[in-house]
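The structure under discussion appears below in the form of structure tokens.
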Amino acid sequence: MRPLFLLFLCSCLLCRAQDQDSVKNDSITQLDEVILLDALKTKNATGITKSDVIAAKVFQNYSPVEMVSAINQIPGVYVLSGALNTNRITIRGIGSRTAFGTDKLRLYYNDIPVTDGSGFSTIEAFDLENISQIEVIKGPKGSAFGANLGGAIILTPKEALGVSTNLSNNFTVGSFGLLKNNLSFNHFDGKVRVGVQYGHLETDGYRENSDFNRDGLLLNATYMINQNNRIGLLVNHVDYKAHIASSLGITAFTENPKQAAANWAGVEGYESNKYTILGINYRHNFGKKLENSTSIFYTYLDHFEQRPRPLGFLDEFTNGYGIRSRFIRNFDFLNRSAKYTAGFEWYKDHYNWSLFETLQQPENGSLQGNEFADNSESRSQVNTFGTLLLPITEAFEVQLGLTINKTQYDFQDLFNTGINNKSADRTFKAILLPSLNLAYELSEEIRLVGNVSRGYSNPTVEQTLTPDGVINPDIAQETGTNYELGTEMYFDQRRLHITLVAYQMDVRNLLVAERVAEDQFIGKNAGKTKHRGIELTIDYLWDINPNFQLSPFLSYTLNDHKFIDFVDEGESYSGNPLTGVPKQRRTAGVQLRIFNNFYWNISHRHVSEIPLTDSNTLSSEAFTVFTTRLGYQKKLTDKFTLGADFGINNIANESYAESVLINAGSFGGEPRYYYPGNPRNYYGSLRLGYRL
């Protein structure tokens, strides 16, 4: 029986966890050359630290707008997406209780940390077409990339492959007024590497008051000074404006999911962002065995939100800067090659925000009124890290890791004076976060891995404040211990690839966001949770003949996440399922390629019910969504290439919630738990490439 049949027979179980101690290959088409080539996927995680890397082969399953869908193909990682500008990334259930946005993980862009000082990351600020790969380290075992409970995500921007100079353009149109264009220039002459991408995206959105407009510019350049020295420059600027439809109650969600929430529609609510990353990297080889990589960086965010009452208009800006340096040395141990890394990462930002009254205007939507709050907060973090990789035998390796984190907040009330002034500072004690990784090769085809690690999560700005706006001296960092055991296996001459991981994470001092008003929350430590799960991936590469290749895949996540000790306002929720986490998730599909010119992909994503309340009295409905994409590419001349794609999302026109809120309050109306997913929609792309 061919493994193709076996793969779909096992579709109740499966995870694409590609631990890459060595470089692995992905079969893709480089459209400016229109040839089939292997795009190299490189692992950034240190040594034998397990991570998942996805690249062009996964990206090709979805539209060029769908970074969220690509990430959701990784087992254990779930992105709840309320809109293009409203995403919440959870990893193994960590982050599921965050009301809005992504926290409890570290986000890196080309080795530059882009998570702000309060722990929030904005994946929507980046264009999928500018990214060559996405790497995910699940849990706190990253060491060199932090020890956050959720782990780390590392985005790698595109660059020229091989000595070449290429110019390409990809133009996409689709349903709901979608228009996207990406213009790319890449050059490498053996000494200078330059990549420049400009992207524009606009869409009216499926829902009312959900139009989105984004422009972005990326410059990624490196210069080889000599064999031992290299300097690099990264500039990424994004400017976008997104109207906000917000969540709906069950009645509105069922009867008319296209509508926006009445309060946001009434003021024509929106957010606008100008986001800039600037980084300079210098790499130096001290010899054959010691190297250093050091980056200095600056980030800037100018953010404005037009919001309904009583929230008020929000005007904020953040300046961040820092340095990251890492030394890597190889040495001999028991007549084998061993390695250690040591480094630090220092980041500081200044966050300033003001609130203004919302004046309702029947004809103009809303106007900005008087200021009623003006605040500033300085936030600093220092991560010192080190790892030691020791080959005990030819088959058995041990890696020790240690991260030390020190976090400080300094809050300044610039509006109130005298006894009403709420300025304060909050310094957390330095926390030691060790990690132990083990790897054992049973054979060339079977590898076992294990990990024990300790992690943490900092409270956000809102969680550090009491309902009166004063810094809460009692709130503590979340801490947790992660236990992980997995295997990676190859069969049928390495065409069949299977990975299986089981884990348990015990979290203490659980940070709970308690709603005190509409869209306003405070934080407190309220108990313990236990996160247990299984992640399984199977993929198979079947070369039927030189012109026909079939590649089925399947990833599966099984979650068993529970409150162990959780009492909130006198109510005990101990033993209940963790809110905001589905029990099961599955992604399966097939990729077909014919004559190196034509491809067709079809996949489906299934998400089971999600508990919406801590009392476990309400859950979202399970859903299954099918997606397909087909394309053709042709080399017209030695210099010109042409490619075209067509795709359909939500083929069966499923009605479902793409994202949910937990413990939604009513505040005079129906609790708004649901962000509707898009109905059936279409897109098409035309790509032109020119080799200079």
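Laboratory data are not the source of any read-out in this text; all were calculated from the coordinates shown. Just so you know, these numbers come straight off a predicted model, no measurement behind them. So basically every Cβ, Gly included, is an ideal-geometry build from the backbone, and we count neighbours across all protein chains shown.
What the phi angles of segment 547-564 give under the Karplus curve with 6.51, -1.76 and 1.60, with θ = phi - 60°, is a coupling list of 10, 9, 10, 10, 9, x, 8, 7, 10, 9, 10, 10, 10, 9, 10, 9, 6, 8 Hz, glycine and proline written as x. All Cα-Cα separations within segment 67-136 were binned at 5 Å from zero, giving a P(r) of 3, 16, 29, 30, 18, 4, 0, each value a whole percent of the pairs. Legend: translational diffusion of segment 316-430 by Stokes-Einstein, Rh = Kirkwood radius over C-alpha pairs, 10 °C, 1.306 mPa s; D = 85 µm²/s. Residues whose amide H lies under 5 Å from that of residue 576, counting only those 5 or more places away or on a different chain, are 563; hydrogens are built 1.01 Å from N in the peptide plane. The mean sequence distance of close C-alpha pairs (under 8 Å, at least 6 residues apart), as a share of the length of the chain, puts its relative contact order at 13 percent. The slack in the chain from residue 452 to residue 100, taken as 0.36 nm per residue of separation less the alpha-carbon distance, amounts to 123.7 nm.
Taken one residue at a time, the phi angles of segment 413-425 give Karplus couplings (6.51, -1.76, 1.60, θ = phi - 60°) of 8, 9, 9, 8, 10, x, 5, 7, 6, 10, 4, 6, 10 Hz. Gly and Pro are set to x.
Each part gets one Cα centre, and for segment 267-303 versus segment 573-636 those centres are 32 Å apart. Highest mean packing comes first when the peptides 78-91, 175-188 are listed by Cβ atoms within 10 Å, giving 78-91, 175-188.
In this structure, the amide hydrogen of residue 618, modeled 1.01 Å from its nitrogen in the peptide plane, lies closer than 5 angstrom to those of 612, 613, counting only residues at least 5 positions away or on a different chain.
Its alpha carbons considered, segment 564-692 gives a radius of gyration followed by a Dmax of 22.1, 73 Å. Every pair of different Cα atoms in segment 77-183 enters the Kirkwood calculation, which places the hydrodynamic radius at 15.4 Å. In this structure, residue 382 and residue 646 have a Cβ-Cβ separation that, at R0 = 41 Å, corresponds to a calculated FRET efficiency of about 0.25. Rounded to two decimals, the Cα-based Rg/Rh of segment 208-303, with Kirkwood Rh, is 1.32. In this rough spin-label picture, where each label sits 7 Å from Cα along the Cβ direction, the residue 654-residue 680 distance is 1.5 nm. Packing, taken as the mean count of other beta carbons within 10 Å per residue, orders the peptides 114-125, 646-657 from highest to lowest as 114-125, 646-657. Translational diffusion of segment 632-692, estimated by Stokes-Einstein from the Kirkwood radius over alpha carbon pairs at 10 °C in a medium of 1.306 mPa s, is 102 µm² per second. Working note: Karplus 6.51/-1.76/1.60 with θ = phi - 60° gives segment 500-510 the couplings 9, 9, 10, 9, 9, 10, 9, 10, 10, 6, 3 Hz, where Gly and Pro are set to x.
Counting pairwise Cα distances across segment 139-227, what percent come out greater than 21 angstrom? Roughly 56 percent, once rounded to a whole number. Take 490-497, 197-204 and order them by the average number of nearby Cβ atoms within 10 Å per residue, most first; the result is 197-204, 490-497.
In this calculation the C-beta distance from residue 429 to residue 284 is compared with R0 = 56 Å, giving a FRET efficiency of 0.95. Each label was represented as a point 7 Å from its Cα along the Cα-to-Cβ direction; for residue 494 and residue 235 these points are 4.2 nm apart.
At an R0 of 22 angstrom, the distance between the Cβ atoms of residue 436 and residue 393 translates into a FRET efficiency of 0.80.
Averaging Cα coordinates gives a centre for segment 361-429 and one for segment 182-209; these two points are 31 Å apart. Calculated from the alpha-carbon coordinates, segment 125-284 shows an Rg and a Dmax of 20.2, 66 Å respectively.
Based on C-alpha pairs under 8 angstrom that are at least 6 apart in sequence, segment 575-636 has a relative contact order of 35 percent.
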